[in-house]
Amino acid sequence: MGLRNVVPVSGALSTSDMALLYNNYDAMIFPSRAEGWGLPLIEAIACGLPVISTYYSGHSEYLSAIDGQFVRLDHQLQPISCPEFLQHWKAGGQWAVASPDEIAKKLVFMKEHYNSFQQHAMTASQTIRDHFSWRHAAEQAVDSLQSLGFFQWQNIFGDQPANRAQSMVAS
């Protein structure tokens with residue numbers, strides 16, 4: 001297909017190794033079957049990498065904010081059949097399975113339109129950094145706790161809501 005330097009990456013990597021990947025690779029393919037969040041994917045997007053990903057489960061939360069700025073992998077929902085997974089998640093359920101042919105097709109598509117996806121990736125990066133940063137997550141969590149009556153800002157931060165996320169993150 002004319003693709004070179006496709007490098008599968010799996011397993012645990014250090015933070016510095018992940019940073020090297022994000023800064024030296026041309027794109028990320030994330031054919032995840034299901035995610036609670038998908039931290040490597042959101043980190044890659046925040047770093048400006050063009051991405052190819054399934055659109056299912058937890059990571060669809062932030063992918064919906066950048067719809068059209070990444071390549072979606074078509075997938076089929078299939079019953080979860082992994083014994084290792086099922087021993088921890090007895091409820092079963094379904095997950096998204098993208099075929100190897102679909103992954104190859106989307107790789108070729110991205111290669112053919114790479115300049116466009118590089119531009120989309122920069123827009124997506126800004127969206128993710130603006131709306132899904134650790135600071136933003138902390139503010140949302142604290143706002144939720146406050147709305148549930150667990151505490152009031154003025155009792156903790158002296159009536160300065162602008163400092164709340166910084167104070168929470170620093171705590």
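Structural remarks
- The C-alpha atoms of the chain define a longest principal axis, and helix 134-147 lies at about 50 degrees to it.
- Degrees separating the helix 15-24 axis from the principal Cα axis of the chain, which is the longest one: 50
- Here the stretch 75-151 has 57 percent of its accessible surface on carbon and sulfur atoms, given a 1.4 Å probe and all protein chains in place.
- Residue range of the chain that is longest and free of trypsin sites (Lys or Arg not before Pro) which are both DSSP loop and sparsely packed (at most 16 other C-beta within 10 Å): 5-89
- Acute angle (nearest 10 degrees) that the helix 100-112 long axis makes with the longest principal axis of the chain, alpha-carbon atoms: 80
- Full extension of the chain between Trp37 and Ala91 yields a length gain of 17.5 nm, computed as 0.36 nm times the residue separation minus the alpha carbon distance.
- With a simple spin-label model that places each label point 7 Å from the Cα along the Cα-to-Cβ direction, the separation between Ala12 and His131 comes to 3.3 nm.
- Heavy-atom accessible area per residue - the stretch 62-133, 1.4 Å, Å²: 63
- Option label - Rg and Dmax of the Cα atoms in Å computed here, alternatives [x] 19.1, 62; [y] 25.2, 76; [z] 16.8, 51: [x]
- Between Arg72 and Glu84, the contour length at 0.36 nm per residue exceeds the Cα-Cα span by 1.6 nm.
- Here the stretch 1-98 is treated with +1 on each Lys and Arg Cβ and -1 on each Asp and Glu Cβ, and its dipole about the Cα centre works out to around 200 debye.
- CD proxy at 222 nm, helix term only [per DSSP H run n ≥ 4: -39500 (n - 2.57); per residue of the chain; nearest 500]: -14000 deg cm²/dmol
- Solvent-accessible area per residue in the stretch 1-57 equals 60 Å², computed with a 1.4 angstrom probe and all protein chains kept.
- Using heavy atoms of the protein chains and a probe of 1.4 Å, the accessible area assigned to Ile128 is about 0 Å².
The values are calculated or read from the model by the stated rules, or taken from the named source; none is laboratory data. Everything numeric here is computed off the predicted structure, so don't read it as measured data. Backbone-built Cβ (ideal geometry, glycine too); neighbour counts: all protein chains shown. We work out accessible area using only protein heavy atoms, side chains counted, and drop any ligands, DNA or RNA first. Shrake-Rupley method; radii C 1.70, N 1.55, O 1.52, S 1.80 Å.
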